[in-house]
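For reference, the structure discussed in these notes is given below.
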Amino acid sequence: MNINVENLQKIIKKATLNYVVPSVQLKVDGRNIISRMRSQNNTVVICLNIPNDIISEVPDEIEFNFDEPNVKVKPYLTLIDSEVVDAIITDDKLTLKNGRHKTNLHFCMSSFVTTFTGAEPNSPSFYELDLTTEVSECFEKIRKVAGKFEKVYFTVRDGKFILETTDRTNRFANGISFELDSIDHNNIDICFEFKNFNAVLQCLGGSMSDFTAKFTWIESQNAGMVLFEKNDSSEKYYLLSKLEE
């Protein structure tokens, strides 16, 4: 059995939203890889159902469970020089062999992994944003300064859909914003944690144009959500809004 180490790293990064989720579960069969994860505070949900480009000759379904993959898996995979290596999978560990180089990665119990077991959110979206080159450039500029404020806002104001980062608790705070589109909707503010927004951008990378951002607003809860969904629905990243402090 062979494993593509580079692709394994990529899928773990996606399934944990760039390691925002501190554990990972991958279910692998001969055709697909399925992962349904959530963050511990339930503000992030990841649903993946992508082609298996990691493991060859899968006899049945294989399940990988790792806790703290950023510490216990990623550093070991980066030390492997070859893209494809021999693999031995037992009940308690994954062994990778590349010439004289041997790596043991032990599984954790499935109960330690924060999987998402519910139904995917299906509230209708009020706006869909195509992630064009122009939009991605706006995202990148926001990303460069939003770490200071730890928040990003998607706002509807006077018929404009706006992306903004600032500190709204301080009227003297600097900030930047971009008018993304015109929209027919009541004025609302949807606030997201910057670390989650930034993690999505890291996962989408150069394939951002293959995704659409779908925004939902639940008036009764004064809360919102954005779904970053790949065009073929194989990758879905849900971010739930946070309340202003």
Item to check | trypsin sites (Lys or Arg not before Pro), loop per DSSP, at most 13 other Cβ atoms within 10 Å - longest free stretch of the chain | outcome: 172-245
Next on the checklist: Quick check for me: using +1 on Lys/Arg Cβ and -1 on Asp/Glu Cβ, what's the dipole size of region 2-112 about its Cα centre, in debye to the nearest 20?
Outcome noted: 380
Checklist outcome for this item: Kirkwood-based Rg/Rh on the Cα set of the chain evaluates to 1.02
Item to check | Bins of 10 Å, starting at 0 and running to the largest distance - Cα pair percent for region 2-112 | outcome: 14, 50, 31, 4, 0
Checklist entry - Tell me, in nm to one decimal, what length is gained between ILE218 and ASP167 on full extension, where the rule is 0.36 nm per residue of separation less the Cα-Cα distance? => result 16.0 nm
Item to check | Cα shape, region 165-222, gyration tensor, a/c 1.5 rule | outcome: oblate
Checklist entry - Over the chain, what is the relative contact order in whole percent, taking alpha-carbon pairs under 8 Å and six or more residues apart? => result 20
Checklist entry - Volume per residue, Å³, of the convex hull around the alpha-carbon atoms of region 35-168? => result 200
Item to check | Ordering of 80-91, 39-50 by packing [mean C-beta count within 10 Å, highest first] | outcome: 39-50, 80-91
Next on the checklist: Considering all alpha-carbon pairs of region 138-245, what whole percent are spaced by more than 25 angstrom?
Outcome noted: 17
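All of the numbers you see were taken from the coordinates with simple rules; none came from a lab. Everything numeric here is computed off the predicted structure, so don't read it as measured data. Every residue, glycine as well, gets a Cβ built from its backbone with ideal geometry; the counts of neighbours run over all protein chains shown.
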